[in-house]
Amino acid sequence: MNSFRIFSITTLSLSAVLTIACPAAAMNDERMLDFTKGDTIPVGSNHDWNLGATGARGWMFSHKFTTTSARQIVITKVDADSPADGPLEVGDVILGVGVERFSYDPRTEFGKALTTAESESGGGKLSLIRWRKGKEETVVIMLPVMGSYSATAPYDCPKSKRILEQGCEVLAKRIAEPNYRANPITRSLNALALLASGNPDYLPLVKREAKWASGYSANAMQTWYYGYVITLLAEYQMATGDQSFMPDMRRLALEAAKGQSIVGSWGHGFAEADGRLGGYGMMNAPGLPLTLSLTMARAAGVKDSEIDQAIERSARLIRFYAGKGAIPYGDHVPWTETHEDNGKCGMAALMFSFLNEPDKAEFFSRMSVASHGAERDGGHTGNFFNVLWSLPAVSLSGPHASGAWMEEFGGWYFDLARRADGTFVHLGPPEEKNDSYADWDCTGAYLLAYALPLKKIYLTGKRPNIIPQIDAAEASRLIADGRGWNNNDRFSYYDKLDQKELLERLSSWSPIVRERAAMAISRQQEKPVPALIELLQSSRLESRYGACQALAMLKKAAAPAVPELEKCLEEEDLWLRIEAAEALVGIGEPAAQTIPRLLELLAEVDLANDPRGMQQRYFCFALFDSRDGALIRSLQEVDRESLFKAVRAGLLNEDGRARGSIGSVYKRLSKEDIEPLLPAIHQAVIEPAPSGIMFADQIRVEGISILASHHIEEGMQAGVDYIRSQNKWASEKRTPELLGYLLQYGSHMKPLIPELEKIAAEFEAGEENFPKKLSLEKAAAVREAIRKVEASQDQPELSSINAE
């Protein structure tokens, strides 16, 4: 598996680390807890679950982001006067539903039992096997009869209509309270839900919320909030014709557009003065709703070329992922582990629908349909956005798509999240700790899904649909494409398929199905290389992609495919060239003859067809990645002129991580060899990459290191400037490292001491949006470096980049 695909997978690992807190020691294995025999909820494990309209909450054992190992639910809360008050009390243990004990996942089983109980045939009777103080018995909780979900829910579905009306009635009362406050995202969604209901009685409340939105402003995390606030204002104006808030909608839209980075992305906050993002860099979770909101503002009448430009820049970034995978965290490789990555495919489906790009809207809607179960359960810091953007995107593919998705997952999951009063809570991923959205009011987020049939606002289908509507059979196939994966068991489903079936799946429309099939093939003893070579010659592009994915994982065993893969490097399709390169690099030594051509292709620039230099980016990973790039083994046989041309080109790529991969070459070249590259290395230090900010420092640090080790005069000023201007994220670790390199210049650094003094003082004064303690650590490192420079007697011979 090649470096850039490994990076895609490690991104999820990072996501998991950031999302889940360390569980109690007792939970480090998969031991099943038994609360009837004295086991207790582990200390610090605070994530329990809403148990639907019962009015109760319960805790379940979770393992590797699943609850499939649990077989009991221990009651943690019962609301007074709720349906569960009496039949249940805190400390009770639920062992099953009806007459059956839990057998595969109590969360799913309880959710489905709720759905059944609320149907006409269920009569509102939720029968549970309850254990209390050593005694086991069956109890019945009486729930309101809501009806059954239709085969096309929420369309032509009386139950969905009842849920919407009940929820909006309670939500309106909540919003009308004088002390009503909420997170700007959920506050906007709550108001949008009332607007989407089409009930004119709610318009005064919605107008009041639009007035709040019109005055909204933020100095930090703006990107997360502005998209939803602008959307509320735009939807309100288009639904009512009320022009009152147009000036402020225009203000907010222009602030968002001007806060976009020079490559068209947004991060945690708006771009800095140089047009680059700070912190983690590009983040699609806020960027996509912002783009969507700007398209809505434009439709509502806000006309400005800066807004047009911002929409197109962002759309250009996201178009790349169509057909290749889910929208990733930031400016990363297409996500191929799951069909959805916390709602971003759903966001993209609506965005491209509004931009009149049906092929891309269709792809991301289909990805949304195929994402359910464990794929929807997860999410970076929580799955709020995975739930919010699910049905609005799924429904673009038609009522059969939404009905199939609700039957598979949404019905029971939504019922589990709905409280007795009709409001909705955040359920969150199956983990031991509450996530970032634990206390969010999710009522509006869920009600927007139930409002889809009314088509009263753009988010719920007011705009005519532009993508093909699928039938029930196709919907069933898409749902099947999403099965067979969870964090606790990623492989067994595909490993049970025979080779014929796996080869067929390599031709799937879904990049995720292709990836899972390719991985399963790589685990088989028999390697079907001839069949994969045949697939490479297919007229179907997806088949050729799938063949490349499998061949990349077979590594040296795929050597007979080298000639056919080599032909793919000359194909018109960009992604096929990239996938073929990955496969060739994965094969290794038997494909070494292709390295000169890979270097040539890396150096080529085709702005008309590849404006972001994606071929160059991925070829940088393939050739130079420090873990398994093709050139990491040896540079001995590599033509120096071809290498230098590729390095110079790669150091100009707009992606910081692509540039960073090239640093693996620096220290493997002699001083004589590297001399022709010094101007490009120096330029890559003083001119940071405009994207991939999270990794953009890597090549700059490598550059300072190599300039210092060869005592290149220009490296001193470049290093000092970099210490001051570097991305603050992780700068407390980078600063001592950079100073260590600069100390190699010895006493030559003395003229730069005044600048270092200023930098130390700036750190001591504190840096915006950065912990003061870490700034003081940086200041101390600079002060210590100054002391060493002042005491230094070393005067190594300097060289200059500009020397004749």
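The values are calculated or read from the model by the stated rules, or taken from the named source; none is laboratory data. All figures in this text were calculated on a predicted structure; none of them were measured in a lab. Please note: Cβ atoms are built from the backbone with ideal geometry, for glycine as well, and neighbour counts cover all protein chains shown. Note: accessible area is taken over every heavy atom of the protein model, side chains too, but ligands, DNA and RNA are not part of it. Shrake-Rupley method; radii C 1.70, N 1.55, O 1.52, S 1.80 Å.
Some notes on this structure:
- Residues within the range 474-513 that are in a helix (DSSP H, G or I) and either closer than 17 Å to Ser365 by Cβ or touching a residue at least 60 places away in the same chain (Cβ under 8 Å) (or both), tallied: 11
- Residues that are of a type in the set (Asp, Glu) and open to solvent by less than 10 Å² (accessible area, probe 1.4 Å) do not occur anywhere in the range 192-208.
- Some residue of the range 297-304 being over 15 Å from the mean Cα position of the chain (by Cα), under 21 Å from Pro392 (Cβ atoms) and of a type outside the set (Gly, Ala, Ser): yes
- Failed condition for Gly167, given (1) closer than 27 Å to Ala299 by Cα; (2) open to solvent by less than 50 Å² (accessible area, probe 1.4 Å): (1)
- Condition met for Tyr437 (over 21 Å from Gly398 (Cβ atoms) and under 26 Å from the mean Cα position of the chain (by Cα)): yes
- Taking the range 139-249 as the region of interest, the helices (runs of 4 or more DSSP H) fully inside it that hold 3 or more residues being over 18 Å from Pro392 (Cα atoms) are 158-176, 203-214, 222-240.
- Restricted to helices (runs of 4 or more DSSP H) entirely inside the range 574-662, those with at least 1 residues that are among the hydroxyl-bearing types (Ser, Thr, Tyr) and surrounded by fewer than 24 Cβ atoms within 10 Å (Cβ to Cβ) are 640-650.
- In the range 94-107, the residues that are open to solvent by 20 Å² or more (accessible area, probe 1.4 Å) and either assigned to a helix (DSSP H, G or I) or farther than 20 Å from Val78 by Cα (or both): Gly98, Val99, Glu100, Arg101, Ser103, Tyr104
- Residues in the range 498-521 that are open to solvent by 10 Å² or more (accessible area, probe 1.4 Å) and either modelled with pLDDT under 95 or closer than 24 Å to Glu407 by Cβ (or both): Arg505, Ser508, Trp509, Arg516.
- Close Cβ contacts (under 9 Å, 6 or more residues apart or on different chains) running from residues in the range 123-138 that are closer than 17 Å to Trp412 by Cβ to residues that are hydroxyl-bearing (Ser, Thr, Tyr) and assigned to a strand (DSSP E or B) comprise Ser127/Thr138; Leu128/Thr138.
- Residues that are more than 17 Å from Leu189 (Cβ to Cβ) number at least 2 in the following helices (runs of 4 or more DSSP H) confined to the range 394-461: 399-405, 411-417.
Residue by residue, here is whether (1) closer than 30 Å to Asn356 by Cα; (2) modelled with pLDDT of 95 or more; (3) open to solvent by less than 40 Å² (accessible area, probe 1.4 Å) holds:
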residue: Leu416; (1), (2), (3): no, yes, yes
residue: Asp421; (1), (2), (3): no, yes, no
residue: Ala449; (1), (2), (3): yes, yes, yes
residue: Arg483; (1), (2), (3): no, yes, no
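- Residue pairs whose Cβ atoms lie under 8 Å apart, separated by 6 or more positions or on different chains, with the first residue in the range 626-648 and in contact (Cβ under 8 Å) with a residue 60 or more places away in the chain and closer than 12 Å to Arg668 by Cβ and the second among the aromatic types (Phe, Trp, Tyr) and open to solvent by less than 60 Å² (accessible area, probe 1.4 Å), are Gly629/Phe621.
- If the condition is being buried (at least 24 other Cβ atoms within 10 Å of the Cβ), among the charged types (D, E, K, R) and not in a loop (DSSP other than H, G, I, E, B), then the range 318-347 contributes only Lys344.
- Among the residues listed as Ile699, Ile723, Ile704, the single one being buried (at least 17 other Cβ atoms within 10 Å of the Cβ) and more than 21 Å from Gly275 (Cα to Cα): Ile704
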